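Working notes, structure below.
None of the figures in this text is laboratory data; all of them are computed from the coordinates on show. Just so it is clear, the structure is predicted and the values come from calculations on it, not from any experiment. Ideal geometry is used to build each Cβ from the backbone, glycine not excepted, and the neighbour counts take in all protein chains shown.
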Amino acid sequence: MQKLIELNFYHTKHCHLCELAENLIKQHKNIKLNLIDIADDNKLLNLYGVRIPVLQRTDLLNEIDWPFTQEQILLLIQKSSL
């Protein structure tokens, strides 16, 4: 049985690109997806406001910005921590 990989998905409401990205992400198995709306936090809004949607692996803090592909998501999930 594979270990669940925890991912943070930084997004905001009414964001068409965020919806597209979320649909791509949800096609992957063995992940725990934390949906984080950046509009609720000024620090996150400043950090991710022009970058969303952003997908972050919580254990390694590696991030990928939109536009990302299925292959890039898979690479992020498969990276091992050292």
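Quick notes on this structure:
- Summarised as an ellipsoid, the chain has semi-axes of 21, 14, 11 Å, derived from the eigenvalues of the Cα gyration tensor scaled by 5 and square-rooted, with the largest first.
- Comparing VAL50, GLN27, GLN78 along the charge dipole axis of the chain, the residue lying farthest to the positive side is GLN78, per the Cβ-charge model.
- Here the chain is treated with +1 on each Lys and Arg Cβ and -1 on each Asp and Glu Cβ, and its dipole about the Cα centre works out to around 240 debye.
- Distance (nanometres) between label positions extended 7 Å along Cα→Cβ at ASP65 and HIS14: 2.4
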